[in-house]
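This report concerns only the one structure given below.
The values are calculated or read from the model by the stated rules, or taken from the named source; none is laboratory data. Given the structure is predicted, the values throughout are model-derived calculations rather than measurements. Backbone-built Cβ (ideal geometry, glycine too); neighbour counts: all protein chains shown.
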Amino acid sequence: MDRAQLAVFLRTRREALQPEDVGLPRGRRRRTGGLRREEVAMLCDMSADYYSRLEQQRGPHPSEQILAAIAGGLHLSLEERDHLFRLAGYATPQRIMRADHINPGIMRILDRLEDTPAQVVNLVGETLKQTRPAVALMGDDSEHTGLARSMHYRWFTDPASRLIYPEEDHPTHSRLFAANLHGAYTRDGRGSRAATIVDALLAASPEFAALWREHPVLGPYCAPKRIQHPQLGLLELHCQTLVDPDQSQALLVFTAVPGTESYGKLQLLSVIGDQRI
């Protein structure tokens, strides 16, 4: 671990970020550019004292989990994240470990959507980050572990995961999720996260196996979605999709036509919060 270089690297990246880059207000009393240490600590979900000690070359040896949190909080690119790991004395994370690292550009956009249902997902349907309205709308995906982190996997193995959509829409979503996995598998091949999920589903779900044999392929159009909320009832939404440059992640933003009943229900999400019952 190179404490001196790690401290310098953290400080330069912190000072290069502006509050607006991470969805924070600038405030009238800010005299210098860049983020404050306590702001970075908040973004990384750690104490300000812990983060400050790292910049002051007197902190403990950070774990890989801590470094991943810092990389996300500072909106580091994958190359910068690799450099951070090397400075801390770790090997560069493998590609399969880096699948949870959100593209900095996608993260900056998500930070500006705090009042909108939006979430970042990867190729195999794992949710990497959600806004609070997205949690209120669709549930907290962070509670899942293992294969169940993938919505595609849960769809074919856990009947409760289908309650969010009207039953008559289930065949459409089944084909969509199978096509998503087929695209990820084609891209990443054997030994990938997608291959692990596909193999598990082929053994566990006859429905998935039948769809897989058809080689489903996604079209370019993202159709409107109907979501069944336990308190608000049925919402008819549009899902706008922004794909990151390397095609490995997507930002999903859920909107409704202004003036419609569904639009009014979306406004109520901030009142309901994430207490789905």
- Condition met for residue 78 (in the same structural domain as residue 191 (by TED's automatic domain parsing), hydrophobic (A, V, I, L, M, F, W, C) and under 30 Å from residue 155 (Cβ atoms)): no
- Which of the residues that make up region 122-149 are surrounded by fewer than 17 Cβ atoms within 10 Å (Cβ to Cβ) and of a type in the set (Gly, Ala, Ser)? 142, 146, 148
- Query: Within the set of pairs 6+ apart or on separate chains, which have a first residue in region 58-70 that is farther than 15 Å from residue 86 by Cβ, a second that is loosely packed, with under 12 Cβ neighbours inside 10 Å, and C-beta atoms under 7 Å apart?
  - Reply: 69/45
- Considering residues of region 11-28 that are hydrophobic (A, V, I, L, M, F, W, C) and not in a helix (DSSP H, G or I) only, the residue surrounded by the most Cβ atoms within 10 Å (Cβ to Cβ): 17
- Among the candidates 209, 148, 195, 200, which residue alone is under 19 Å from residue 120 (Cα atoms), among the small types (Gly, Ala, Ser) and not in a loop (DSSP other than H, G, I, E, B)? 148
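Could you check region 234-255 and list, in sequence order, the residues that are among the aliphatic types (A, V, I, L, M) and under 19 Å from residue 109 (Cα atoms)?
If we filter region 234-255 for residues that are among the aliphatic types (A, V, I, L, M), which is where we start, we get 234-235, 237, 242-243, 250-253.
Scanning region 234-255 gives 242, 243, 250, 251, 252, 253.
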- Any hit, region 47-54, residues being at pLDDT 85 or above, of a type in the set (D, E, K, R) and exposed (fewer than 13 other Cβ atoms within 10 Å of the Cβ): yes
- Answer yes if at least one residue in region 150-173 is under 12 Å from the mean Cα position of the chain (by Cα) and surrounded by 22 or more Cβ atoms within 10 Å (Cβ to Cβ), and no otherwise. yes
- Task: Output the residues belonging to region 184-211 that are under 25 Å from residue 168 (Cα atoms) and surrounded by fewer than 18 Cβ atoms within 10 Å (Cβ to Cβ).
- Result: 202, 204, 206, 207, 209, 210
